[in-house]
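Please read the structure below before turning to the comments.
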Amino acid sequence: QVQLVESGGGLVQAGGSLRLSCAASRRTFSINAMGWYRQAPGKQRELVARITSGGSTVYADSVKGRFTISTDNAMNTVFLQMNSLKPEDTAVYYCVAGRVPMILRGQYDYWGRGTQVTVSS
């Protein structure tokens, strides 16, 4: 079993930046994609960004140009650099890990417990 542990959340003013990190407890060679979801109170969970071992990335329209996803070479750790944060970015952010092509259907093998990001206006 792989555990994903997120860190880096917190409280920041609008316009500020945060960097989220997610570390996998061990290397799983079948995992070739990682990403971030978020869920705000009263809203559905949504994909924020994902990245594959080949370097292909996908971003939600709402974060394009402001957020950047990256991984280490071994795909053990995934990062989310969040710039120009807005109050509407406030949510719990969840790290995910999975395999292509299942991720294309939103199916991931592992989920983290989440880290709170709060952006004040």
note = So, for the Cα atoms of the chain, Rg and Dmax in Å stand at 13.4, 42
ask   = If you keep only loop residues by DSSP, which chymotrypsin sites (Phe, Trp or Tyr not before Pro) in region 17-93 have at most 16 other Cβ atoms within 10 Å of their Cβ?
value = 29
query = For the chain, what is the percent of antiparallel DSSP beta bridges, rounded to the nearest 5?
reply = 90
task = Putting +1 on Lys and Arg Cβ atoms and -1 on Asp and Glu Cβ atoms, find which of 77, 40, 18 reaches farthest to the positive end of the dipole of the chain.
result = 77
query = Any idea of residue 26's accessible area? Nearest 10 Å², probe 1.4 Å.
reply = 110
query = Can you list the residues, at least 5 places off or on another chain, whose amide H is less than 5 Å from the amide H of residue 48, using H built in the peptide plane?
reply = 36, 37, 38
note = Kirkwood radius from Cα pairs of region 5-66 plugged into Stokes-Einstein at 4 °C, 1.567 mPa s, gives D in µm²/s equal to 95
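The values are calculated or read from the model by the stated rules, or taken from the named source; none is laboratory data. Keep in mind it's a predicted model, so treat the numbers as computed, not measured. Every residue, glycine among them, receives a Cβ derived from its backbone with ideal geometry; neighbour counts consider all protein chains shown. Keep in mind that these areas ignore ligands, DNA and RNA; they rest on the heavy atoms of the full protein, side chains included. Shrake-Rupley method; radii C 1.70, N 1.55, O 1.52, S 1.80 Å.
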